[in-house]
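Below is one structure, written out as structure tokens; the observations come after it.
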Amino acid sequence: MSKKVYNPSEIEGKWYQYWMDNQIFRSVPDDREPFTIVIPPPNVTGILHMGHILNNTIQDILIRRARMLGKNACWVPGTDHAAIATESKVVNKLREEGISKGDIGREEFLKHCFEWKDKYGGIIIDQLKKMGASCDWERERFTMEPSLNIAVTEIFNIWYEKGYIYRDWKIVNWDPKAQTTLSNEEVIRKDVQSNLYYVKYNLVDSDEFVTIATTRPETIMGDTAICVHPDDKRYAHLHGKKVVVPMVDREIPIICDEYIDMEFGTGMLKVTPAHDTNDYEIGQRHALETIDVFNADGTISEAGKVFVGEDRFKVRKKVAKLLEETKHLIKTEQMTNNVGYSERNADTVVEPRLSLQWFVKMDEIVKPALAHVMNDDIKIMPAKFKNVYKHWLENIRDWPISRQLWWGHQIPVWYFGEEFVVAKDAENALDKARIKFNNPQLELTDLKQEDDVLDTWFSSMLWPISVFDGFGADKTEFNYYYPTNVLVTGWDIIFFWVARMVFGGYEFTSKFVLPDGSARPIEKQKPFEDVYFTGMVRDSQRRKMSKSLGNSPDPLKLMDDYGADGVRFGMMSVSAAGNDLLFDEKLCDQGKKFSNKIWNAFGLVKMWEENAVDKQNDNTSTFTWFESKLSKTIEDVDSSLASYRISEALLSLYNFIWQDFFSTYLEYVKPNYGDTQDQETLKRTLKYFEQVLQLLHPFMPFITEEIWHAMDARAAGASINLTTWPKAGNIDADALAKGEYSKEIISSIRDIRKKAQIKNADKLAAFVLADNPSVYEDFIGKIEKLGGLESIIVSESEVPDAQSFIVKGQQFYIELNQAIDVETKRLEMEEELKYTRGFLISVQKKLSNVRFVDNAPKKVVAMERQKLEDAESKIKLLEESLARL
């Protein structure tokens, strides 16, 4: 402790290695109550960003505290294979090397993917360790490891056999850049400015024409009908007639369908079944031809006939120009249009495309997931997200689960010609195929496995089950750790992941039996007890953080500059559940300064240790007050953490440590210059310091571990994280109140000194009018010491030419031996009176609220009544003083 400035770079790496070497984070089933968290697995290609810092700091706080509460805390880490993101990176890498994915084949391509995963997959894990994440790293899982692949395959088979999984032609969301299907949740909707083109379609064998408004003229070549509403009298004479499609000169019918909105545009719709979900459904009802004018990469196909091979957006401009040249473009208008973009490739507009895909029927599966969240079997925090969750599940569509990728869980389907079997592996597929196709001579070479892989979220859905090998034969760990206690994640993946884990939990674990052979009860089927949604990290201007804006700091650099504890403090100090976090680097600097304050405070106490003597200083009242304040703080922190008000818990601790422990307690008991500390005070102070460190440890693990070890010789492998969480003791309300009064008196004296520019070393005379010694007598020595007073003298009357202040109805005077500016003093007292009257009104309003008085805790109501009494007393004294002035 010889250095005055705390240097986190010298100790953080040391202590993390110590924790790892001594398996502080290790968890195995035993007789203790488990406390389990599974990490939202970051992408294997990812690097740490501010959202990760927020999310994982919260998890670490909860898991470290659980250890200290004596629970068997298990935080399971892992990474997600991130199918689209990883494949895209590997494809780009190979392209730079002049290698094509198609040329090398699936098996060789997957070798490159695993090499990429092995090279880069550990980066984010190392970064999580740097921020202090206390995961059980021996349990690290990967969503494509063999045992998890077996689980995924088994679930696909189960759902197929139950009739939940099916294959069909449907309009899907297509990412032309990644060339794969996307679920609705993977499409980001944005309002963009678009052109609305009014296009002329000539009637067959007539000089008449109809006008169609479209934002997508590049799909005109795929039109197979014009549709009007059957009740639209404007177009009744056109029923059954035909028009000619511009550019391709194909005759198509005018049909009637009630889907049409007569008020939108011209009240007519061009029907392009291959490129719009609603058009496809109209096409199915009217048996229309389906013409796909796009290739998989978003270029025009041979079926488009014009501009073949050219990009769809370049073709949009060329089509508009061609229509204008051929007199088919009537006019163009600007409009705001809602366009879907790929969640994985942010600059790529998603294309509705008719495709043969695999789907999961959702209507029955989601029912338990909806019921058990709405009845709070699973608690969502903040509760406002329950309605978001409910809305999505009540309006859910079938889930497209196939992805046109090679990196991922290959769909366990084997084809024989156009027919197929669903199986657990190739040998099982061959057995099934021989039976299904009545052909015992079939060989594996006759079968071909489905090329597509499953949506990444299909495997992530099983995460809380599969990480404990719930689908394996030995369910010992699953039965012990499942259900997990809390899921901490961003609200933006409530649909992608949270809801799917919920219906996955109820769907699959209901079939698992308990160790005694009995059925698993409903309360043990849910994947987690609670869900804590974090907000989004934004900058101080409320903008979303992004590289393009240059407002997204590098977390590793922040940790280098401020220490992991400083960054954790900075994030958590403004992180109310579910609310966006307005990040400012100054918050991390505040955390760094707090670390340094703790460091220096302990250095002060250690200096006392060197010269401590047996004599007893009179600190009894200080001990009683501080122990009550400490117990009150423990109660407040416990209450906040129990309801996941984690930022509130940290701020309670911060204010207590800085204001009550450092600025008040240590100042009260600090020996005068040149004096020595007594053994009793030193012993109690070290005990208090240890409890403070224990309370702070989940939030700031590194500095608390360092100081805890510096306090005393510790056993090998000991850690503050394995000590017992402090319990609240007796709270002496009278001692608490007197302690607060003494702090207020000292603060008022210091304010007077500051305004009058009087040095702290200059002793002042103090007087109190109509003395009520119970207000301050227990702390009179501390007040005189810290206020720099000669003494506090009882006065029977006002003290002329003295500065005054009021605490708890007591009027105090400080003699400055300076002339008093009466007018300035009057203005100050009037301002204080105005403020106190306003404060009184606010307290009166609160106490006049029957609901507050009847429902608030008795202690809170009593506190408000005390505030009322104090304010009334202060107003009376101020009014009397002003009258005398």
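Numerical summary
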{"item": "Matching residues in region 667-683 - criterion: being surrounded by fewer than 18 Cβ atoms within 10 Å (Cβ to Cβ) and not in a loop (DSSP other than H, G, I, E, B)", "result": "Glu667, Gln679, Glu680, Lys683"}
{"item": "Members of region 710-766 found to be part of a loop (DSSP other than H, G, I, E, B), in contact with a Lys or Arg (Cβ under 9 Å, 6 or more places away or on another chain) and among the aliphatic types (A, V, I, L, M), listed by number", "result": "Ala728, Ile731"}
{"item": "Matching residues, region 175-211, being in contact with a helix residue (DSSP H, G or I) (Cβ under 9 Å, 6 or more places away or on another chain), among the aliphatic types (A, V, I, L, M) and not in a loop (DSSP other than H, G, I, E, B)", "result": "Leu182, Val199, Leu203, Val210"}
{"item": "Residue in region 199-212 that is under 29 Å from Arg397 (Cβ atoms), in contact (Cβ under 8 Å) with a residue 40 or more places away in the chain and of a type in the set (A, V, I, L, M) present", "result": "yes"}
{"item": "Enumeration of residues in region 610-663 that are in contact with a Ser or Thr (Cβ under 9 Å, 6 or more places away or on another chain), surrounded by fewer than 18 Cβ atoms within 10 Å (Cβ to Cβ) and among the hydrophobic types (A, V, I, L, M, F, W, C)", "result": "Ala612, Val613, Leu651"}
{"item": "Residue in region 309-332 that is under 28 Å from Leu405 (Cα atoms), open to solvent by 20 Å² or more (accessible area, probe 1.4 Å) and within 39 Å of the chain's Cα centre (by Cα) present", "result": "yes"}
{"item": "Only listed residue being under 20 Å from Leu329 (Cα atoms) and of a type outside the set (Ser, Thr, Tyr), chosen from Glu251, Glu281", "result": "Glu251"}
{"item": "Residues of region 235-244 satisfying the condition of being closer than 14 Å to Ser206 by Cα and open to solvent by less than 60 Å² (accessible area, probe 1.4 Å)", "result": "Leu238, Val243, Val244"}
{"item": "Any hit, region 527-538, residues being among the aliphatic types (A, V, I, L, M), under 25 Å from Thr456 (Cβ atoms) and surrounded by fewer than 19 Cβ atoms within 10 Å (Cβ to Cβ)", "result": "yes"}
{"item": "Near pairs, Cβ below 8 angstrom, 6+ apart or cross-chain, from region 627-644 (under 19 Å from Leu736 (Cα atoms) and without any contact (Cβ under 8 Å) to a residue 24 or more places away in the chain) to any residue that is buried (at least 21 other Cβ atoms within 10 Å of the Cβ) and among the aliphatic types (A, V, I, L, M)", "result": "Asp636/Ala649"}
{"item": "Number of the condition not met by Ser774 [criteria: (1) modelled with pLDDT of 80 or more; (2) in a helix (DSSP H, G or I)]", "result": "(1)"}
{"item": "Residues satisfying the stated conditions in region 491-519, i.e. part of a loop (DSSP other than H, G, I, E, B) and either among the small types (Gly, Ala, Ser) or open to solvent by less than 10 Å² (accessible area, probe 1.4 Å) (or both)", "result": "Ser510, Gly517, Ser518"}
{"item": "Every residue from region 550-564 that is open to solvent by less than 10 Å² (accessible area, probe 1.4 Å) and either free of Cβ contacts under 8 Å to residues at least 12 places away in the same chain or under 19 Å from the mean Cα position of the chain (by Cα) (or both)", "result": "Pro555, Ala564"}
{"item": "Residues of region 225-262 satisfying the condition of being assigned to a loop (DSSP other than H, G, I, E, B) and hydroxyl-bearing (Ser, Thr, Tyr)", "result": "Tyr259"}
{"item": "Extreme residue, most open to solvent (accessible area, probe 1.4 Å), among residues of region 1-47 that are modelled with pLDDT under 95 and within 16 Å of Glu140 (Cβ to Cβ)", "result": "Asn43"}
{"item": "Spans of strands (runs of 3 or more DSSP E) in region 361-461 with at least 3 residues in contact with a strand residue (DSSP E or B) (Cβ under 7 Å, 6 or more places away or on another chain) and open to solvent by less than 70 Å² (accessible area, probe 1.4 Å)", "result": "413-416, 419-422"}
{"item": "Segments classed as helices (runs of 4 or more DSSP H), wholly inside region 799-885, with at least 1 members that are crowded, with 16+ Cβ neighbours inside 10 Å and at pLDDT 80 or above", "result": "822-847, 858-884"}
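The values are calculated or read from the model by the stated rules, or taken from the named source; none is laboratory data. Just so it is clear, the structure is predicted and the values come from calculations on it, not from any experiment. Don't worry about glycine lacking a Cβ; one is built from the backbone with ideal geometry, like all the others, and counts go over all protein chains shown. Remember, those area values only see protein heavy atoms, side chains included, never the ligands or the DNA or RNA. Shrake-Rupley method; radii C 1.70, N 1.55, O 1.52, S 1.80 Å.
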